[in-house]
1. Consider Gly43 carefully, then state whether it is at positive phi and not aliphatic (A, V, I, L, M).
2. Looking only at the range 30-49, count every residue that is at pLDDT 95 or above and loosely packed, with under 14 Cβ neighbours inside 10 Å and tell me the total.
3. Going by the conditions given, is Val111 over 18 Å from the mean Cα position of the chain (by Cα), modelled with pLDDT of 95 or more and closer than 21 Å to Pro28 by Cβ?
4. When the residues of the range 1-29 are narrowed to those that are under 26 Å from Val96 (Cβ atoms) and in contact (Cβ under 8 Å) with a residue 60 or more places away in the chain, which ends up surrounded by the most Cβ atoms within 10 Å (Cβ to Cβ)?
5. Can you give me the ranges of the helices (runs of 4 or more DSSP H) entirely in the range 64-112 with at least 2 residues that are more than 19 Å from Gly43 (Cα to Cα) and not hydroxyl-bearing (Ser, Thr, Tyr)?
6. Just for the range 122-139: of the residues that are surrounded by 15 or more Cβ atoms within 10 Å (Cβ to Cβ) and touching an Asp or Glu at 6+ places or on another chain (Cβ under 9 Å), which one is nearest to Thr52 (Cα to Cα)?
7. Can you tell which of Ala163, Ala143 is crowded, with 18+ Cβ neighbours inside 10 Å and either without any contact (Cβ under 8 Å) to a residue 24 or more places away in the chain or not in a loop (DSSP other than H, G, I, E, B) (or both)?
8. Scan the range 38-55 and tell me whether some residue there is under 22 Å from Ala129 (Cβ atoms) and touching a residue at least 60 places away in the same chain (Cβ under 8 Å).
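The values are calculated or read from the model by the stated rules, or taken from the named source; none is laboratory data. Everything numeric in this text was worked out from a predicted model, so none of it was measured. Here the Cβ positions follow ideal geometry from the backbone for every residue, glycine too, while neighbour counts run over all protein chains shown.
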Amino acid sequence: MDDGRTRCGWAGSAPEYVAYHDDEWGRPLRGVTAMFERLCLEGFQSGLSWITILRKRPAFRAAFAGFEPAAVAGFGDADVQRLMADAGIVRNRAKVDASINNARAVLELDVPLDELLWSFVPERHVRPATLADVPAITPESKAMAKELKRRGFKFVGPTTCYALMQATGLVDDHIENCWRAAT
């Protein structure tokens with residue numbers, strides 16, 4: 001996008017990336033439903049490009065009842081069949097099953113999901129100078145993954161957890177010369 005703004009290197013290849021980068025990525029996010037949506041989408045992204053998930057996000061929201069955990073937790077076999085037939089989403093049985101399982105795990109938590117996830121914010125985070133300086137995993141993302149798995153969550157490895165941390169503003173990995181780094 002030629003608007004005179006310098007962005008993180010990954011953000012300029014498609015309009016969806018520009019909007020996501022400028023308006024969402026790295027901004028602090030709160031709310032159980034919002035965090036559950038991002039947790040699910042990061043899981044669905046595993047092994048795929050993020051642009052695929054961004055383009056399918058409206059269909060994901062419709063298919064997964066707006067990512068309301070109580071609604072998704074109630075999904076049964078007919079819902080799984082419906083999801084597996086929905087070309088608007090990523091039709092991966094393990095990821096569909098994990099999302100339903102994770103909704104049930106959210107309902108079992110003794111603290112709200114967003115509060116749990118925000119408890120893993122690092123005490124100190126250094127803004128990366130370049131994309132090469134952005135880690136794939138951190139001690140905090142490893143700890144988050146371990147705790148989520150302990151609580152019954154699936155598809156929540158340390159790389160997925162770090163991507164979630166970046167997406168929801170638990171860490172801000174906009175590179176130093178990115179316009180968002182200054183805001």
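1. Answer is no for this residue.
2. Of the residues in the range 30-49, 2 are at pLDDT 95 or above and loosely packed, with under 14 Cβ neighbours inside 10 Å.
3. So Val111 fits the description; yes.
4. Restricting to residues being under 26 Å from Val96 (Cβ atoms) and in contact (Cβ under 8 Å) with a residue 60 or more places away in the chain, the top hit is Trp25.
5. 77-84
6. Going through the qualifying residues, I end up with Val134.
7. Ala163 is the lone residue from the list that is crowded, with 18+ Cβ neighbours inside 10 Å and either without any contact (Cβ under 8 Å) to a residue 24 or more places away in the chain or not in a loop (DSSP other than H, G, I, E, B) (or both).
8. No, the range 38-55 contains no residue that is under 22 Å from Ala129 (Cβ atoms) and touching a residue at least 60 places away in the same chain (Cβ under 8 Å).
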